[in-house]
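Peer 1: Following this message is one structure expressed as structure tokens.
The values are calculated or read from the model by the stated rules, or taken from the named source; none is laboratory data. Computed from a predicted model, the values in this text were never measured in an experiment. Here the Cβ is made from the backbone with ideal geometry for all residues, glycine too, and neighbour counts use every protein chain on show.
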Amino acid sequence: MIDIDHLNEQNHEIAELTKVLNYMINDREICDTDILNKLFFDYIEKVDDHLKDEEKNIYQSLMIHGDNKVRQTANRFLSGSGEIKRVFKQYQKRWCRHGKLYIRNHEKFLKDSDDMFEMVFDRIVDEAEHLYPVVRDVMDEKENDI
């Protein structure tokens, strides 16, 4: 299993980027800058890397756990990962062209971005409050079995 502190650090970086991007995109002119584009694609990469780290290092051991509640938690978060990836893919299809943001309607872009940022932020909170405590409990069980 992965170090929970590492996952928390990833979430902290994602939350910071979310706040910065959410502030910056309100200015239409800033949306066309290379700096915003770099930050935006860093954000997408960090979210994707975080979800992959969880999939690779957490869910498998939780899904085979003897406690049904642990398995249900893993299934719920794994399903949520799929939903986030789906939304990100749709978002990128709508708002990105050739590795850059392509904004035709700034108001719609703001709405879609706000929805995406809120979804990711809610996920971060859910992980901290629901997933990571389960992971810690499972890790403690394994340590006590040794």
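Peer 1: Residue by residue through region 9-33, note down the ones that are within 11 Å of the chain's Cα centre (by Cα) and either closer than 15 Å to Glu118 by Cβ or touching a residue at least 40 places away in the same chain (Cβ under 8 Å) (or both).
Peer 2: Passing the criteria: Gln10, Asn11, Ile14, Ala15, Thr18.
Peer 1: Output the number of residues of region 8-46 satisfying the condition of being in contact with a Leu (Cβ under 9 Å, 6 or more places away or on another chain), under 27 Å from Val134 (Cβ atoms) and among the hydrophobic types (A, V, I, L, M, F, W, C).
Peer 2: 1
Peer 1: Oh, and also: For Asp112, which of the numbered conditions (1) more than 27 Å from Leu7 (Cβ to Cβ); (2) at pLDDT 95 or above; (3) out of contact with any Cys (no Cβ under 9 Å at 6 or more places or on another chain) fails to hold?
Peer 2: (1)
Peer 1: Pick out, from region 1-93, the helices (runs of 4 or more DSSP H) lying fully within it that include 2 or more residues that are surrounded by 13 or more Cβ atoms within 10 Å (Cβ to Cβ), modelled with pLDDT of 95 or more and out of contact with any Cys (no Cβ under 6 Å at 6 or more places or on another chain).
Peer 2: 4-24, 34-54
Peer 1: Something else: May I ask you to verify whether Met119 is surrounded by 12 or more Cβ atoms within 10 Å (Cβ to Cβ), within 15 Å of the chain's Cα centre (by Cα) and either of a type in the set (Phe, Trp, Tyr) or part of a helix (DSSP H, G or I) (or both)? Spell out how you get there, then give the answer.
Peer 2: Values: surrounded by 12 or more Cβ atoms within 10 Å (Cβ to Cβ): yes; within 15 Å of the chain's Cα centre (by Cα): yes; either of a type in the set (Phe, Trp, Tyr) or part of a helix (DSSP H, G or I) (or both): yes.
So Met119 fits the description; yes.
Peer 1: What about Leu110, is it assigned to a helix (DSSP H, G or I) and in contact (Cβ under 8 Å) with a residue 60 or more places away in the chain?
Peer 2: yes
Peer 1: Here is a check on your reading of the model: is His130 touching a residue at least 24 places away in the same chain (Cβ under 8 Å), surrounded by fewer than 17 Cβ atoms within 10 Å (Cβ to Cβ) and in contact with a Cys (Cβ under 8 Å, 6 or more places away or on another chain)?
Peer 2: In short, no.
Peer 1: Follow-up question, since we're still on this one. Is there a residue in region 57-80 that is more than 30 Å from Val138 (Cβ to Cβ) and of a type in the set (D, E, K, R)? Outline the logic, then answer.
Peer 2: Of region 57-80, the ones more than 30 Å from Val138 (Cβ to Cβ) are none.
No, because not a single residue in region 57-80 is more than 30 Å from Val138 (Cβ to Cβ) and of a type in the set (D, E, K, R).
Peer 1: Output the residues belonging to region 94-112 that are out of contact with any Phe, Trp or Tyr (no Cβ under 9 Å at 6 or more places or on another chain) and surrounded by 15 or more Cβ atoms within 10 Å (Cβ to Cβ).
Peer 2: Listed by number, the list holds a single entry, Leu110.
Peer 1: Which residues, counting only those in region 53-81, are closer than 27 Å to Val20 by Cβ and out of contact with any helix residue (DSSP H, G or I) (no Cβ under 6 Å at 6 or more places or on another chain)?
Peer 2: First, the residues of region 53-81 that are closer than 27 Å to Val20 by Cβ: 53-55, 77, 80-81.
Of everything in region 53-81, those that are closer than 27 Å to Val20 by Cβ and out of contact with any helix residue (DSSP H, G or I) (no Cβ under 6 Å at 6 or more places or on another chain) turn out to be Asp53, Glu54, Glu55, Gly80.
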